[in-house]
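Notes follow once the structure below has been shown.
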Amino acid sequence: MLKIDIERPMLTSEGKKILKVCLEIEDRELLCLFGHSGSGKTTLLRILAGLTTPTRGRIVYNDTIWFDSDKKINLSPQLRNVGYMFQDYALFPNMNVEENIRFAQKKKDVAAIENLLALFDLTTLKNQKPLQLSGGQRQRVALARALAAKPTLLLLDEPLSALDFEMRIALQHEIRKAHRLLNTITILVSHDINEVCSLASSVITIQNGEILAQGHPKEIFREGAFQSSSQFLHEISALSELFLG
């Protein structure tokens with residue numbers, strides 16, 4: 001289980017806000033963070049990965065304290081063992097596919113790399129550089145690299161946003177595959193309701209750093225769990241009618 005209770009100032013389209021997150025995420029859950037750009041989704045992922053530090057609070061994964069402002073504990077990203085797939089994939093242009101994936105390993109394991117290449121249909125592309133690949137192929141490389149370290153937590157920051165509709169649908173299967181392979185917690189950032197309903201076992205909606213609702217995607221989007229929130233929730237309601245009927 002992942003327990004989060006943190007605060008950190010952040011800059012939004014409406015000015016300075018405080019990111020406030022207090023939640024518990026069960027093991028093997030595929031959770032989606034849903035909201036507009038600037039709502040705090042990526043900031044939360046960076047905090048969990050250890051790349052951004054909260055001003056106060058606590059993060060505990062199972063029995064291990066990752067962050068505790070009172071006890072002055074702040075584990076490094078390496079000690080948290082988080083797999084982070086960035087929105088722009090962040091592949092190394094000077095490395096080929098195999099080298100990009102191997103880079104994430106703590107200890108060299110040739111068999112594991114070969115398994116990942118096969119799992120994501122990358123074996124024939126292992127000697128290609130990122131610029132020689134299509135968007136979908138780069139996505140698969142980035143996902144394989146995120147899995148190479150066998151992370152305890154998988155973070156995916158809008159991994160399908162740069163792809164066309166058909167490719168997005170096809171590669172949702174790869175994300176499900178990755179989640180099942182790890183058998184741990186996966187947190188996915190998205191602002192696509194169709195994607196959320198297809199992938200997530202639960203969803204958190206967030207606006208200006210505050211959590212508005214949490215639950216199963218169809219319950220959240222269909223039942224209008226946001227009656228207290230304004231234009232953002234009106235847009236969600238309209239989109240949910242379009243996608244859920």
Give the number of residues within the stretch 115-129 that are assigned to a helix (DSSP H, G or I) and either crowded, with 23+ Cβ neighbours inside 10 Å or polar (S, T, N, Q) (or both). 4
Where residues in the stretch 28-77 are among the aliphatic types (A, V, I, L, M) and without any contact (Cβ under 8 Å) to a residue 12 or more places away in the chain, which of them is farthest from S190 (Cα to Cα)? I73
What number of residues within the stretch 131-170 satisfy the criterion of being among the aliphatic types (A, V, I, L, M), in contact with an Asp or Glu (Cβ under 8 Å, 6 or more places away or on another chain) and not in a loop (DSSP other than H, G, I, E, B)? 1
Scan the stretch 130-158 residue by residue and report those that are surrounded by fewer than 16 Cβ atoms within 10 Å (Cβ to Cβ) and either over 23 Å from the mean Cα position of the chain (by Cα) or under 30 Å from E24 (Cα atoms) (or both). L131, Q132, K150
So R168 ticks every box in (1) surrounded by fewer than 20 Cβ atoms within 10 Å (Cβ to Cβ); (2) farther than 16 Å from Q87 by Cβ but one. Which box is left unticked? (2)
Return only the number of the condition from (1) closer than 30 Å to G35 by Cα; (2) surrounded by fewer than 18 Cβ atoms within 10 Å (Cβ to Cβ); (3) in contact (Cβ under 8 Å) with a residue 40 or more places away in the chain that E174 does not satisfy. (2)
If I filter the stretch 52-60 for residues that are over 19 Å from H179 (Cβ atoms) and within 16 Å of the chain's Cα centre (by Cα), do I get at least one hit? yes
The conditions are (1) over 16 Å from L23 (Cα atoms); (2) touching a strand residue (DSSP E or B) at 6+ places or on another chain (Cβ under 8 Å); (3) surrounded by fewer than 21 Cβ atoms within 10 Å (Cβ to Cβ); (4) free of Cβ contacts under 8 Å to residues at least 60 places away in the same chain, and G215 fails exactly one of them. Which is it? (1)
Of the conditions (1) without any contact (Cβ under 8 Å) to a residue 40 or more places away in the chain; (2) buried (at least 19 other Cβ atoms within 10 Å of the Cβ), A111 fails just one. Which one is it? (2)
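Since every read-out is calculated from the coordinates, none of them should be taken as a lab result. Here the structure is a predicted model, which means the values were calculated and not measured. Positions of Cβ are backbone-derived with ideal geometry, glycine not excepted, and every protein chain shown enters the neighbour counts.
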